[in-house]
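Nothing in this text is a laboratory measurement; each read-out follows from the coordinates by a stated rule. Owing to the predicted nature of the structure, the values given are computational and were not obtained by experimental measurement. No Cβ is skipped: glycine too gets one built from the backbone with ideal geometry, and neighbour counts run over all protein chains shown.
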Amino acid sequence: MRANLGVPRPDQADYMLKAAASAAGRHYKRELLDLLEVEPGQVALDVGCGPGADLPLLAERVGEGGTVIGVDRDPAMLAEARRRTSGLPAVEVREGDVHALPLEPGTVDRAKIDRVLMHVTDPDAVLAGLHLVTRPGGRIALAEPDWDTLIVDAEDLDASRAFTRYTTSEAVRNATIGRTLARRAERAGFTVDAVTASTPVFLDLAEADRTLGLGRNTQLAIEDGHMDADRARRWFASLAEGPFYASFTLITVACSR
Ligand SMILES: C[S@@+](CC[C@H](N)C(=O)[O-])C[C@H]1O[C@@H](n2cnc3c(N)ncnc32)[C@H](O)[C@@H]1O
């Protein structure tokens, strides 16, 4: 039996914190928070807060008189988010499903959703729920990738395309959510104020393998019959010959209620 391709699936909380701390992660996360225009004393919500990478900065922006609420359903994420914010009295981490936000209607001034809608079963229901809990005059900011834009350089261009097709059709639930954000937000009742796109670039194969799951998803594509095994293995091995290039587009939308 042949070995699996690429690095094993990393610890998710650790992986998300590392992704947030990378140059590309810091850049778009800062932009997302700036779009929110958080003011001192406000109630700010992080929908699907993960290990709490953004909670400290939100706490800094709402100040002593404000409140930051992080919601997630994953026990490991909740534990890490609570650990990271234990010294920040403004922060409260709540267990819950983002389809049924554990908040009263009209109580939130600012809310962000960062790479969560691509995973949920019903993104429109999540946005409708967010509209309900946001105060009139409140603001939200959304950031999601569009995996159709994933490009990986290799001499076997068709294999690269097959990998992207597998990612969008099988590996990620709502893989093309990025391009739909403004339309979905308007449908949920928000007014779209700004739409931007950025392109995280990966020049290091090991980092791309960890973040984009290159090896893991190639292995799954083979097992699911989406890529020919020998060709997929040759394609993956060729990525190490370098220089390596991969990128995708991340779309950010800011809205008011
Ligand atoms: C890619 S991580 C992003 C975490 C965080 N927003 C960040 O930027 O670091 C996605 C998070 O969404 C959470 N999530 C996915 N579906 C969820 C749901 N239905 N209810 C609550 N949390 C959910 C996962 O547990 C995970 O922590």
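Extension gain residue 192-residue 26, at 0.36 nm per residue separation less the Cα-Cα distance, in nm?
Numbers: separation 166, 0.36 × 166 = 59.76 nm, distance 2.37 nm.
That works out to 57.4 nm of additional length.
Using a Förster radius of 30 Å, what is the FRET efficiency between residue 57 and residue 201 based on their Cβ-Cβ separation? Nearest 0.05, please. Intermediate results must be reported in sequence, preceding the final value.
On the way: r = 24 Å, r/R0 = 0.79.
That gives a FRET efficiency of 0.80.
Compute the orientation-averaged projected area for region 102-257 from the convex hull of its Cα atoms and round it to one decimal in nm². Please list the in-between numbers first.
Values: hull surface 38.6 nm².
Result: a mean projected hull area of 9.6 nm².
Alpha carbons only, please: Rg and Dmax for region 134-212, in angstrom.
Cα radius of gyration and Dmax of region 134-212 are 16.0, 53 Å respectively.
Report the rotationally averaged projected area of region 1-80 based on its alpha-carbon convex hull, in square nanometres. Let's see the in-between values first.
Details: hull surface 26.8 nm².
So the mean shadow area of the Cα hull is 6.7 nm².
Can you put 131, 119 in order of Cβ neighbours within 10 angstrom, beginning with the fewest? Write out the running numbers ahead of the final one.
Numbers: 131 19, 119 14.
Ascending Cβ contact count within 10 Å gives the list 119, 131.
Evaluate E = 1/(1 + (r/R0)^6) for residue 135 and residue 245, where r is the Cβ-Cβ distance and R0 equals 41 Å; express this FRET efficiency to the nearest 0.05.
Values: r = 44 Å, r/R0 = 1.08.
The pair residue 135/residue 245 has a calculated efficiency of 0.40.
Does anything in region 108-151 have its amide N under 14 Å from the 7 Å Cα→Cβ label point of residue 94, and if so which residues?
Within reach of a label on residue 94, which here means backbone N under 14 Å from a point 7 Å along Cα→Cβ, region 108-151 contributes 108-112, 129-135.
Which residues' amide hydrogens lie under 5 Å from the amide hydrogen of residue 149, considering only partners 5 or more residues apart or on another chain, with H built in the peptide plane?
Close amide H contacts, sequence-distant or interchain: 249.
Once the Cβ-Cβ distance between residue 256 and residue 234 is put in as r, and R0 is 51 Å, what FRET efficiency do you end up with, to the nearest 0.05? Before the final figure, lay out the partial values.
Working: r = 51 Å, r/R0 = 0.99.
Step by step, r from the Cβ atoms, then E = 0.50.
So for the chain: antiparallel DSSP bridges make up what percent, rounded to the nearest 5?
Values: 19 of 39 bridges.
Taking every DSSP beta bridge with both residues in the chain, the antiparallel ones total about 50 percent.
Compute the normalised compactness of region 6-150: alpha-carbon radius of gyration over 2.2 N^0.38 Å, N being the residue count. Don't skip to the end; give the middle numbers.
Details: Rg = 14.6 Å, N = 145, 2.2 N^0.38 = 14.6 Å.
Cα-based Rg divided by the globular estimate yields 1.00.
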